[in-house]
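Notes follow the structure.
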Amino acid sequence: MIGVIADDLTGAAEIGAVGLRHGLCAEIVRHGRPGNGADVVCVDTDSRACEPAEAGKRAAAAAKMLREAGAKWIYKKVDSVLRGQVTAEIEAVMKQLKLMRALLLPANPSLGRTIKDGHYFLQGRPIHKTEFARDPHFPRRSSQVLRLVKIPEKFSMRVMNGDRSLADGTIMIGDAETSADVHNWTASCNAKMLPAGGSEFFNALLEVENPVHENGHAVLPKKLSGRELFIVGTATQSARKFVTAERLRKTPVFALPQELAWGAEFTPAAVEAVAQRVVAALATQPRVILGVGLPPVRDTDVAQRLSNDVVSVAAQVLRQAPVARVFAEGGATAAELVRRMGWARLEVLRELAPGVATLAANGDNSVLLTIKPGSYAWPAKWTS
């Protein structure tokens, strides 16, 4: 079994889906221990928004649990643009596993996310000149990779390009402009170091160990018909484009009451009122969109509250309407939905596109959950 530690649900699902490409069964564990039989076990520590000490504590506990469960090696999944408590979690896992070196490769060149000469670029633009500069929780204010992460407490940290010697006591961040660069870094890995990074690095490591499987996905239920509910908890550019396109297709779109942006209470009665409108639409329409639908806010607490309010409505809808497929946009939104529904373990069924995965909760295929990070776009063939 291969163990993976991710700081959010979408990251865990993204890595699990990579495992499917290689014919490996994958599951996500949010609470408790792994089930039996999974080849890739992804632990979601739900720690991206935690303080560094708490995030490190959760990552170390996950590493301990995975090692005791028989993981032959462990991968630390980090956000591809280095949001969250990246340094604290890597250090904690290294300490737990008694490792003195780590190779961190967050870049995903196939998605236009590259590192060159220690600077991060998104589709060729410095990351601090993209929408990530306005991230409500972790704004990217520099393209210098070493300024996107915190300084380690115990280890040193440096960016590596030409010199690939791996010194003890060091967390090394690798440059990667192409997928070939990512693949070349695998030659620097060994059992005495912690591999960490994005999905593309994990895929490269699996390509060395386990060639791509021709049918790298689990079997979906034969009947995929039924109502679809899209839950949009973010205000990213891709989310706004998606909602606009769906409106043009005459898909019913429901938003939160406007007064919530001004601090009004979202009472149980108000939640039920919105939920009933969504349920009524689902009775006659094959697809319904539920989103925040309010102007973007700068206050991170307000933004999080509004995202949770959307999930409150969605959870009510799922308990009242026969929805076959749920699509959740945004890691925090998906995680809150899973928490509200009490889903402790999820099986990864299919990768629809890089970063977009379909899951089944607690072994039940009656409702399929497809999730993606807010900054990724929905695959056109699944949303048209």
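The values are calculated or read from the model by the stated rules, or taken from the named source; none is laboratory data. Predicted, not measured: the structure shown is a model, and the values here were computed from it. Cβ atoms come from the backbone with ideal geometry, glycine included; neighbour counts cover every protein chain shown. Side chains included, ligands, DNA and RNA excluded: accessible areas come from the protein's heavy atoms. Shrake-Rupley method; radii C 1.70, N 1.55, O 1.52, S 1.80 Å.
Annotations
- For the range 1-125, a simple Cβ point-charge model (Lys and Arg +1, Asp and Glu -1, everything else neutral) yields a dipole of about 320 debye relative to the Cα centre.
- Ordering P322, A235, A353 by the projection of their Cα atoms onto the charge dipole of the chain, which places +1 on the Cβ of Lys and Arg and -1 on the Cβ of Asp and Glu, puts P322 at the extreme positive end.
- Shape category assigned to the range 228-270 from the gyration tensor of Cα positions, a/c cut at 1.5: prolate
- Principal-axis tilt of helix 199-209 within the chain, Cα atoms, nearest 10 degrees: 60
- Shape annotation for the range 256-373: C-alpha extents along the principal axes are 40, 32, 24 Å, from largest to smallest.
- Where R83, R240 fall by accessible area, highest first, once all protein chains stay in place (1.4 Å): R240, R83
- Shape category assigned to the range 75-134 from the gyration tensor of Cα positions, a/c cut at 1.5: prolate
- Within the range 162-210, the ratio Rg/Rh, alpha carbon atoms throughout and Rh by Kirkwood, equals 0.93.
- Where both bridge residues fall in the chain, DSSP classifies roughly 30% of the beta bridges as antiparallel.
- Unit charges at the beta carbon, dipole of the chain: most positive-side option, V310, A275, A264: A275
- Helix 237-248 and the longest principal axis of the C-alpha atoms of the chain enclose an angle of approximately 30°.
- Estimated D of the range 261-320 in µm² per second, where Rh is the Kirkwood radius over Cα pairs and Stokes-Einstein applies at 37 °C, 0.692 mPa s: 266
- Anisotropy class of the range 330-370 from Cα gyration tensor, a/c 1.5 cut: oblate
- Of the residues V159, F132, A255, the one whose Cα sits farthest toward the positive end of the charge dipole of the chain, with +1 on the Cβ of Lys and Arg and -1 on the Cβ of Asp and Glu, is A255.
- According to the Kirkwood relation over distinct C-alpha pairs, the hydrodynamic radius of the range 125-173 is 12.4 Å.
- Dipole magnitude of the range 84-142 about its Cα centre (Cβ charges: Lys, Arg +1; Asp, Glu -1), debye to nearest 20: 100
- For the range 280-384, trypsin sites (Lys or Arg not before Pro) are listed when DSSP marks them as loop and at most 13 other Cβ atoms sit within 10 Å of their Cβ; the list is R298.
- For C25, C42, the ranking by accessible surface with the largest value first comes to C25, C42, using a 1.4 Å probe.
- P(r) histogram, all alpha-carbon pairs of the range 38-83 included - 5 Å bins from 0, percent: 5, 19, 29, 24, 15, 7, 0
- At 1.567 mPa s and 4 °C, Stokes diffusion of the range 1-130 via Kirkwood alpha-carbon radius, µm² per second: 85
- Helix axis angle, 9-21 relative to the chain longest principal axis, alpha carbon, degrees: 70
- Ellipsoid semi-axes in whole angstrom, largest first, where each is sqrt(5λ) of the Cα gyration tensor of the range 70-176: 24, 15, 13
- Estimated dipole of the chain in Debye, rounded to 20 [Cβ of Lys and Arg +1, of Asp and Glu -1, Cα centre]: 340
- Once divided by 2.2 N^0.38 Å, the Cα radius of gyration of the chain becomes 0.97.
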